[in-house]
Amino acid sequence: MTSRTRLDRVRASLGIAQLALQQIEDDLNADDVDARDLAAILRELQEDIDHPGGLFPALAQLVSTAARRAEQLEPDRDGDASCPLHEAAALLTDNAGQRLNWAARSLDPQGDDA
């Protein structure tokens, strides 16, 4: 597969993901979204019940995969490319994901049991 074909596929996939995220944003902007609904949506972003992983863990996995590939491609194996990618993946799960959990718990403490 040529690099151009791969990049075209990535762009198309990102377009699909952006449409899906826009749909979620539209749902978040709905007038009838209450605290429980918002908490449930936040929990889904972090840990989708039907498809284990959720958005943030999936993004972290994608960035980790890029980091592992960068490790193989770095000329001096110095980590100039891979380290920031590993750190970005960790921030997605450890920082952003945890903050989603805290916000959801604050909005709907009882929803953790659901």
Within the range 28-41, how many residues turn out to be surrounded by 12 or more Cβ atoms within 10 Å (Cβ to Cβ) and farther than 15 Å from Leu100 by Cβ?
-> 2
Only one of (1) over 23 Å from Gln18 (Cα atoms); (2) open to solvent by less than 100 Å² (accessible area, probe 1.4 Å); (3) free of Cβ contacts under 8 Å to residues at least 24 places away in the same chain is not met by Asp94, so which one is it?
-> (2)
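The values are calculated or read from the model by the stated rules, or taken from the named source; none is laboratory data. Quantities reported herein were computed from a predicted structural model and do not represent experimental measurements. For neighbour counting, all protein chains shown are included, and Cβ atoms are generated from backbone atoms with ideal geometry for every residue, glycine included. Please note that ligands, DNA and RNA were not included when accessible areas were found on the heavy atoms of the full protein model with its side chains. Shrake-Rupley method; radii C 1.70, N 1.55, O 1.52, S 1.80 Å.
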